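**Student:** Below is a structure I'd like to ask you about.
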Amino acid sequence: MGNSPKEPTLIAGGLAVDDRGQVSFVNGFAFEPIRRFYTVENFSTQVVRAFHGHINEEKFVFVVSGAAIVAAVRFEDPLNPNRDAKPHRFVLSDRKPQVLHVPAGYANGFRPLEPGTRIMFFSTATLEESVKDDYRFPHDHWGKDVWQVDFR
């Protein structure tokens with residue numbers, strides 16, 4: 001995509017509340033490049049789904065319910081990805097609506113922080129295109145600390 005960011009970026013959203021209820025939104029997210037979407041919900045908060053990358057496909061990540069650690073890391077060579085690359089780490093929550101844009105050339109993954117966390121992924125590729133551009137890496141390829149909760 002021509003105007004894609006070079007690194008993962010957050011598209012801010014908001015929450016409007018009045019006496020009728022609430023509306024959450026991410027008005028800065030445009031659907032023009034989207035070809036498909038899917039939702040994922042783990043049975044356990046201990047399960048990490050990572051890392052899954054694409055050279056050409058971009059992803060947009062939105063937490064519908066709950067909260068999750070979402071990470072994205074650049075990889076140049078899918079057959080020998082650089083273990084020293086530093087993952088970008090985000091905590092996404094339904095309480096703060098936003099969409100994470102994961103550019104092409106990044107591997108991404110997530111760990112839910114709450115039971116019942118549901119994540120919606122929007123993709124710029126059809127399933128057929130995606131299957132031909134699919135690279136999988138172990139969840140700890142870039143270290144286990146990316147998935148840890150930092151106690152404060």
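**Student:** Inside the range 101-112, can you point out the residues that are of a type in the set (A, V, I, L, M) and surrounded by fewer than 20 Cβ atoms within 10 Å (Cβ to Cβ)? Full working, then the answer.
**Tutor:** In the first step, residues of the range 101-112 are kept if they are of a type in the set (A, V, I, L, M); the result is 102, 104, 107.
Hit for the range 101-112 is ALA104, nothing else.
**Student:** Cβ-Cβ below 7 Å, separation at least six or inter-chain, first residue in the range 50-70 and closer than 13 Å to THR39 by Cβ and touching a residue at least 12 places away in the same chain (Cβ under 8 Å), second of a type in the set (Gly, Ala, Ser) and open to solvent by 10 Å² or more (accessible area, probe 1.4 Å): which pairs?
**Tutor:** Close Cβ pairs (under 7 Å, with a partner that is of a type in the set (Gly, Ala, Ser) and open to solvent by 10 Å² or more (accessible area, probe 1.4 Å)) amount to VAL63/SER93; SER65/GLY116; GLY66/GLY116.
**Student:** Within the range 75-100, take every residue that is in contact (Cβ under 8 Å) with a residue 24 or more places away in the chain and within 18 Å of ASP133 (Cα to Cα) and give me the one that is surrounded by the most Cβ atoms within 10 Å (Cβ to Cβ). I'd like the intermediate steps shown before the answer.
**Tutor:** Pass one, the range 75-100, residues in contact (Cβ under 8 Å) with a residue 24 or more places away in the chain: 75-76, 78, 81, 83, 85-100.
When the remaining residues are screened for being within 18 Å of ASP133 (Cα to Cα), the result is 75-76, 78, 81.
On the way: PHE75: 21, GLU76: 10, PRO78: 16, PRO81: 19.
Taking the candidates together, the pick is PHE75.
**Student:** If you check ALA68 against the conditions, is it among the small types (Gly, Ala, Ser), touching a Ser or Thr at 6+ places or on another chain (Cβ under 8 Å) and either more than 26 Å from ASP150 (Cβ to Cβ) or open to solvent by 40 Å² or more (accessible area, probe 1.4 Å) (or both)?
**Tutor:** Values: among the small types (Gly, Ala, Ser): yes; touching a Ser or Thr at 6+ places or on another chain (Cβ under 8 Å): yes; either more than 26 Å from ASP150 (Cβ to Cβ) or open to solvent by 40 Å² or more (accessible area, probe 1.4 Å) (or both): no.
Answer is no for this residue.
**Student:** I'd like the residue in the range 27-42 that is under 15 Å from the mean Cα position of the chain (by Cα) and part of a loop (DSSP other than H, G, I, E, B) and, out of all such residues, is nearest to VAL99 (Cα to Cα).
**Tutor:** Within the range 27-42, the match that is nearest to VAL99 (Cα to Cα) is PHE29.
Yes/no matrix, rows are residues, columns are (1) assigned to a strand (DSSP E or B); (2) surrounded by 10 or more Cβ atoms within 10 Å (Cβ to Cβ):
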| site | (1), (2) |
| --- | --- |
| LYS6 | no, no |
| VAL17 | yes, no |
| SER44 | no, no |
| ASN56 | no, yes |
| VAL61 | yes, yes |
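**Student:** Given (1) surrounded by fewer than 18 Cβ atoms within 10 Å (Cβ to Cβ); (2) among the basic types (Lys, Arg); (3) within 16 Å of the chain's Cα centre (by Cα), identify the lone condition not met by LYS132.
**Tutor:** Unmet for LYS132, out of (1) surrounded by fewer than 18 Cβ atoms within 10 Å (Cβ to Cβ); (2) among the basic types (Lys, Arg); (3) within 16 Å of the chain's Cα centre (by Cα): (3).
Residue-by-condition table, conditions (1) at pLDDT below 95; (2) more than 13 Å from the chain's Cα centre (by Cα); (3) open to solvent by 30 Å² or more (accessible area, probe 1.4 Å); (4) more than 25 Å from PHE43 (Cβ to Cβ):
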residue	(1), (2), (3), (4)
GLU114	no, yes, yes, no
THR124	no, yes, no, yes
ARG136	no, yes, yes, no
VAL146	no, yes, no, no
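**Student:** If I filter the range 31-42 down to residues being hydrophobic (A, V, I, L, M, F, W, C) and open to solvent by 70 Å² or more (accessible area, probe 1.4 Å), which single residue comes out as farthest from ASP134 (Cα to Cα)?
**Tutor:** Quick first cut of the range 31-42, residues hydrophobic (A, V, I, L, M, F, W, C) only: 31, 34, 37, 40.
Narrowing further to those that are open to solvent by 70 Å² or more (accessible area, probe 1.4 Å): 31, 37.
Working: PHE31: 22, PHE37: 16 Å.
Here the answer is PHE31.
The values are calculated or read from the model by the stated rules, or taken from the named source; none is laboratory data. A quick note: this is a predicted structure, and the numbers were derived from the prediction, not measured. We place every Cβ from the backbone using ideal geometry, glycine too, and count neighbours over all the protein chains shown. Just the protein is used for accessible areas: all its heavy atoms, side chains included, with ligands, DNA and RNA removed. Shrake-Rupley method; radii C 1.70, N 1.55, O 1.52, S 1.80 Å.
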